[in-house]
1. Please list the non-local residues whose amide H lies under 5 Å from the amide H of VAL195, H modeled 1.01 Å from N, same-chain partners needing a gap of 5 or more.
2. Amide H neighbours of MET272 under 5 Å, at least 5 residues apart or on other chains, H built in the peptide plane: list them.
3. Using the Karplus equation 6.51 cos²θ - 1.76 cosθ + 1.60 (θ = phi - 60°), what ³J(HN,Hα) coupling, rounded to whole Hz, does each residue of segment 109-117 give in order, writing x for Gly and Pro?
4. Explain nothing, just compute: Karplus ³J(HN,Hα) = 6.51 cos²θ - 1.76 cosθ + 1.60, θ = phi - 60°, for every residue of segment 279-294 in order, whole Hz, x for Gly and Pro.
5. At a probe size of 1.4 Å, how large is the accessible area of PHE176, to the nearest 10 Å²?
6. Ordered by residue, what ³J(HN,Hα) values in Hz, to whole numbers, does segment 255-261 give under the Karplus form 6.51 cos²θ - 1.76 cosθ + 1.60, where θ = phi - 60° and Gly and Pro are x?
7. Pull up all non-local amide H partners of MET155: gap of 5 or more, or a different chain, and H-to-H distance under 5 Å with H placed in the peptide plane.
8. Step through the table entries LYS65/LYS134; LYS104/LYS162; LYS211/LYS288, compare each Cα-Cα distance with 31 Å, and write down the pairs that go over it.
Amino acid sequence: MKILLINPVFFTLSSFLLKNTNTHTLIPMGNNNQKSSCCSNQSMEKSESTAPEDDSSIYVTRNVKNTPSNSRSLVMSDSAKQTSSAIYPDLYEGHFSSLLIPYKDLDSRCKEIAEHIHATYPSDEPLVMLCILKGSAPFYNLLCNHLSILGHPFMIDFYRVKSYEGTGSSGTVKHFGDLPKSMKGRHVLVIEDIVDTGTTLKSLLPTIAEKDPKSYKVCSMLVKRFHSEGSEDDDEDDGGEITKQIELDNNLIGFNIPNAFVVGCGLDYNEMYRDLRDIWILGEEGIKGGGYDL
Ligand code: 5GP
Ligand code: MG
């Protein structure tokens, strides 16, 4: 097991203070206290390509100028070797190009999201926390732990879909098994690992709507918000933002990330790397390795 301890000073995302370490900067922005209604049904319309006024999500970027002015930013490390504190198995040595999000930041963002959920959903009835397997499981765990600490009642349920093969979307979404009956007449939060094109959610959300929940919304650890940094797309008029097919609530998004293939905290490449605590950008070595034989 490798433990990188090059910069021991971790920032905390919850402080909203400007702190500099050798590798990360946290810029305080935005109003995190704004509440949004929990009870409107998820819309399937296209989202705006500019960030809304109440953007409380966090943008992970190499270049802060790429992020909306009302948002908070997390500047990513230049390389895996220059990161703060990260742990990975020897088996994965040399597989990553850079650390994207350290575990500590994932956990503190989960705490913020749980606080938002607690403040906006009723406490006298259980919220159905629907984990979309497999990738969301570690994020789901962190989130549920913080909800438990807050004393917020919830039911746990699971559903499995699959759309990615290797490092790209297969374009079709496979559903496994039946959706849980718990959703009928209850508020439902669909817990996702990452939203890329929105294809998975576009296939999943109508089937959830059919179960007649009181409301349903998506809570996703990551959203791919930008074209690859340094790519030709960077200079596009839309600020590099990819327009999603799904409307998302910024209070329920962990981090907006560049358009790179990421692994860790549940996210895999052919079933490899789900076990990582931190989120990494997969490097050429990792891609060449091809993940596990299935
Ligand atoms: P979408 O359907 O929105 O294009 O993609 C969503 C699904 O694709 C996610 O639930 C996840 O399984 C997979 N996915 C998308 N981007 C990535 C990525 O960068 N890394 C990994 N490991 N999976 C991804
Ligand atoms: Mg997923």
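The values are calculated or read from the model by the stated rules, or taken from the named source; none is laboratory data. Predicted model, so just to flag it, every value in this text is computed and none were measured. SASA here: full protein model, heavy atoms, side chains in, ligands and nucleic acids out. Shrake-Rupley method; radii C 1.70, N 1.55, O 1.52, S 1.80 Å.
1. LEU222, VAL223, LYS224
2. TYR292
3. Calculated HN-Hα couplings, in order: 5, 4, 4, 4, 5, 4, 5, 5, 4 Hz.
4. Taking θ as phi minus 60°, the curve returns 10, 10, 8, 6, x, 4, 4, x, 5, 4, x, x, x, 8, 5, 10 Hz for segment 279-294.
5. Here the residue's solvent-accessible area equals roughly 70 Å².
6. Per-residue couplings from phi come out as 9, 8, 10, x, 7, 10, 8 Hz.
7. Amide H neighbours of MET155, under 5 Å, 5+ apart: LEU127, VAL128, MET129.
8. LYS65/LYS134; LYS211/LYS288
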